[in-house]
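Notes to accompany the following structure.
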Amino acid sequence: MILFIGAADLPPPRFEPMGSAAMPKILATIMILLALVIGARAVSKLGITPDHTRAEPLAPVWRSAFVFAALVIYVAALDFGRVPFVVATTGFVAAAGLIIGKFSPKAAALFAGLGLCVSTLIYFVFTHFLFIQIG
């Protein structure tokens, strides 16, 4: 909601087709849609009784540290290494997914495919709709 309020204060577009308020509005819409999905899943699980099995412990601290290190490497690769956006983002999504989840060849292929799809979609939206050249 804060993104919508902040975007309302931005000036209307003069030269670009969507204006400077487009990205905050797009992000706010995506966040609301994802929140609705999470909320619907939570409501659907309210009536389910627990099976009294031992819950999996929270992720160890080292996983968080590795994800942070992967993020730093990702940003450095984009900024200093001039690695193309799609390549760097695909690698980051795959690395973060494997660090957080369980490592297996099937999971590696899944996260690499997910990273490739997401990075390609983001690149396409930025270059064709927002006219922002990334990577």
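The values are calculated or read from the model by the stated rules, or taken from the named source; none is laboratory data. Quantities reported herein were computed from a predicted structural model and do not represent experimental measurements. Because the Cβ atoms are built from the backbone with ideal geometry, glycine has one as well, and the counts that use them run over all protein chains shown. The protein model used for the area step is the full one, side chains on, heavy atoms only, and it has no ligands, DNA or RNA in it. Shrake-Rupley method; radii C 1.70, N 1.55, O 1.52, S 1.80 Å.
Per-residue accessible area (protein heavy atoms, 1.4 Å probe) orders Lys106, Lys45, Lys25 as Lys106, Lys45, Lys25, starting from the largest.
Find the accessible area per residue for region 78-135; the probe is 1.4 Å, ligands and nucleic acids are left out, and the unit is Å². Intermediate values should be presented prior to the final figure.
Working: 3800 Å² over 58 residues.
I get 66 Å² per residue for this part.
By average Cβ neighbour count within 10 Å, what is the ranking of 76-82, 34-40, 66-72 from highest down?
In decreasing order of mean packing, 76-82, 34-40, 66-72 become 66-72, 76-82, 34-40.
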